[in-house]
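Trainee: Let me begin by handing over the structure; questions about it come next.
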Amino acid sequence: MRPMTITEKILAKHAGKKSVQPGELINAKVDIALGNDITAPIAIKQFRSIGAKKVFNRNKVVLVPDHFTPNKDIKSAEQCKVLREFAHEQKISHYYDGGDAGVEHALLPEQGVVVPGDVVIGADSHTCTYGGLGAFSTGVGSTDLAAAMITGELWFKVPETIKFVFKGKLNKWVTGKDLILHIIGDIGVDGALYRAMEFTGKPIERLSMDSRLSLCNMAIEAGAKCGIIAPDAVTEAYVKTRAERKYKFYASDPDAEYAEVREYNCADIEPKVAFPHLPENTKNISQVGKVRIDQVVIGSCTNGRFEDLEVAAKLLKGKKVSDHVRLIIIPATPKIYSDAMESGFFKTFLKAGAIISPPTCGPCLGGHMGILAEGEKALTTTNRNFAGRMGHPKSEVYLANPAVAAATAVKGFIAGPEALRKK
Amino acid sequence: MKFKGSAWKFGADINTDDIIPAVYLTTTDPKELAKKCMEHLDPKFAPNVKKGDVIIADKNFGCGSSREHAPIAIKGSGISCVVAPSFARIFYRNSFNMGLPILECDGIFKVTKPGDKIEIDMDTGTVTNVTRKKSFVATPVPPFMQDLVKAGGLMNSIKKRGLV
Ligand code: SF4
């Protein structure tokens, strides 16, 4: 049999085939179909438009109103209402509303809703996040979601895979976010278009699950169909207490075929900052120069997890946010919110002068809870810095990891965590 | 299927926030969305685009979010077809699912100036700049996708296959 990559194996299994190869068009069963308050209303409209009455499996459709919630205005309230009524009508078991809602891609792994070996589709481009668990997961549109909600399957073109091999030891403060920014800086925002990105090497094996999810989250920023990391002991420790279904670990065959193999030496990788207006405009933190910042955001499906808040709290302890900076901290889920509170982070954040937001996508997509005015600059731990992404079309967004974000909030200009020690 | 119209030119890596900013995603009405289409890149686009006009863009058109509001807004504005050397994959999928014709075509971008007259023959995949008298052939649309279009999009194809 043809040797296969982890992505090919998962897809083959879900298509009921022994083997698949890149370029092949397949129909695959989906384990989870996800929608949010922006994309699900269109999917629900499509669902009804062809007379569908029932979702294929009420336990496999997941609906999370997270983008404009708590409802920011009347229109978004109407959209959420569409979700709520559909969820109740269909008795959707994974529907997260009110105090149960969190940013979808942080919520699903945390709650054990997605597990290793799954095929997950989501009407949200950052659905690729779950590759961190060793699942095949990819973003689709609302119509695709409607199709999957009805039939429980969807068509896919089996992607070619690019393998990224990391070597050496990670420098201090370097996280999964920096590795993916480094890659995107190297290959560009369409460098992995239509392809799967597989991340390997000792430094990857040493990454925490939070960091792996954050790394795979941004595969889409290189145009990829998915990002994936082979599950291992770290994965096992993470999923064993929370998985709500059986899971399966897949791994690439040693002689699997790759479209390309790229190697990186971690010694060259510092914390990274992506400059406006594309995630590929990356620089090492030592090269950014003096950039004055008006707003710092720590949150989102990229970096709003416990570990992210923990590093921010550590750095902000006993410090004050610069008087010209608004620091907005958004724990990504209710559990992270409560864990952060119990760990005493909130006290640190509030004393430093930060704003703590309820779990929401909020400013990440320029929705609400921290919109930028003309000419303002934000440094954020989110994943996109397109022009106008966080507000006014003439505002600027810089992307970085949470340690850089915390240091920047204190200094008032873009700075690495080392800058907090030097006096 | 044939399209005729004037060219609207956009560059590389046009993202879904450019096509329709997220603040407007609280509606799914094509007419409403069309009013804000490309607002940040070219405020003249939405008020002036005519039915049948064509978007000629550079590589990786439609990158970013999975919002179907993007092809809906473009279609709602009257654009008949988007031509670019490459498309972001979710946008590509969405366009076929929504019935917005798109073509992957190299070369046309370089020779086209805004306002040039463009003719597109979807059956042969030929894109012609009538003003500059230059023709290019697009990458053939895979038969699987053609069938989707013929069936009237993904939803209708599901219905036709009796899967509802
Ligand atoms: S946090 Fe940002 S990137 Fe993540 S799902 Fe929400 S809007 Fe999208």
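Trainee: A:Gln295 fails exactly one of the following numbered conditions: (1) more than 17 Å from A:Pro363 (Cβ to Cβ); (2) within 16 Å of the ligand (Cβ to nearest atom); (3) of a type outside the set (A, V, I, L, M). What is the number of that condition?
Mentor: (1)
Trainee: Name the strands (runs of 3 or more DSSP E) wholly within the stretch A:249-323 that hold at least 1 residues that are among the polar types (S, T, N, Q)? Break it down into steps so the answer makes sense when it comes.
Mentor: Values: elements: A:260-265, A:272-274, A:282-284, A:295-298.
By residue number, A:260-265, A:282-284, A:295-298.
Trainee: Given the stretch A:92-189, what helices (runs of 4 or more DSSP H) lie entirely inside it while holding 2 or more residues that are more than 14 Å from every other protein chain (Cβ to nearest Cβ), within 16 Å of the ligand (Cβ to nearest atom) and out of contact with any Cys (no Cβ under 6 Å at 6 or more places or on another chain)?
Mentor: Numbers: elements: A:104-110, A:142-151, A:176-187.
In the stretch A:92-189, A:104-110, A:176-187 are the helices (runs of 4 or more DSSP H) which contain 2 or more residues that are more than 14 Å from every other protein chain (Cβ to nearest Cβ), within 16 Å of the ligand (Cβ to nearest atom) and out of contact with any Cys (no Cβ under 6 Å at 6 or more places or on another chain).
Trainee: Which of the residues spanning the stretch A:346-364 are part of a helix (DSSP H, G or I) and crowded, with 23+ Cβ neighbours inside 10 Å? Let's see the steps before the verdict.
Mentor: Within the stretch A:346-364, the first condition is being part of a helix (DSSP H, G or I), and the residues that meet it are A:346-352, A:362-364.
Residues satisfying the conditions are A:Phe349, A:Gly362, A:Pro363, A:Cys364.
Trainee: Another question, if that's okay. State all residues of the stretch B:79-114 that are in a strand (DSSP E or B) and either in contact with an Asp or Glu (Cβ under 6 Å, 6 or more places away or on another chain) or among the aliphatic types (A, V, I, L, M) (or both); if no residue qualifies, say none. Talk me through it step by step, then tell me what you get.
Mentor: First pass over the stretch B:79-114, keeping only residues in a strand (DSSP E or B): B:81-84, B:87, B:102-104.
Of everything in the stretch B:79-114, those that are in a strand (DSSP E or B) and either in contact with an Asp or Glu (Cβ under 6 Å, 6 or more places away or on another chain) or among the aliphatic types (A, V, I, L, M) (or both) turn out to be B:Val82, B:Val83, B:Ala84, B:Ile102, B:Leu103.
Trainee: Which residues, taken from the stretch A:1-53, are in a helix (DSSP H, G or I), at pLDDT 95 or above and small (Gly, Ala, Ser)?
Mentor: A:Ala12, A:Ala40, A:Ala43, listed by residue number.
Trainee: Also, quick follow-up: Across the stretch A:32-64, which residue is nearest to the ligand (Cβ to nearest atom) among those that are away from every other protein chain (no Cβ under 12 Å) and among the aliphatic types (A, V, I, L, M)? Before you say what the answer is, go through the steps one by one.
Mentor: Our first condition is that a residue be away from every other protein chain (no Cβ under 12 Å); within the stretch A:32-64, this holds for A:32-33, A:57-64.
Filter once more, keeping what is among the aliphatic types (A, V, I, L, M): A:32-33, A:61-64.
Working: A:Ile32: 15, A:Ala33: 16, A:Val61: 18, A:Val62: 13, A:Leu63: 14, A:Val64: 9 Å.
Among residues in the stretch A:32-64 that are away from every other protein chain (no Cβ under 12 Å) and among the aliphatic types (A, V, I, L, M), the one nearest to the ligand (Cβ to nearest atom) is A:Val64.
Trainee: Within the stretch B:53-72, which residues are out of contact with any Asp or Glu (no Cβ under 7 Å at 6 or more places or on another chain), outside any loop (DSSP other than H, G, I, E, B) and in contact (Cβ under 8 Å) with a residue 40 or more places away in the chain?
Mentor: Passing the criteria: B:Val54, B:Ile55, B:Ile56, B:Ala57, B:Phe61, B:His69, B:Ala70, B:Ile72.
Trainee: Does the stretch A:335-347 contain at least one residue that is within 16 Å of the ligand (Cβ to nearest atom) and closer than 20 Å to A:Met218 by Cβ?
Mentor: The answer is yes; a qualifying residue exists.
The values are calculated or read from the model by the stated rules, or taken from the named source; none is laboratory data. Since the model is a prediction, treat every value here as computed from it, not as a measurement. Positions of Cβ are backbone-derived with ideal geometry, glycine not excepted, and every protein chain shown enters the neighbour counts.
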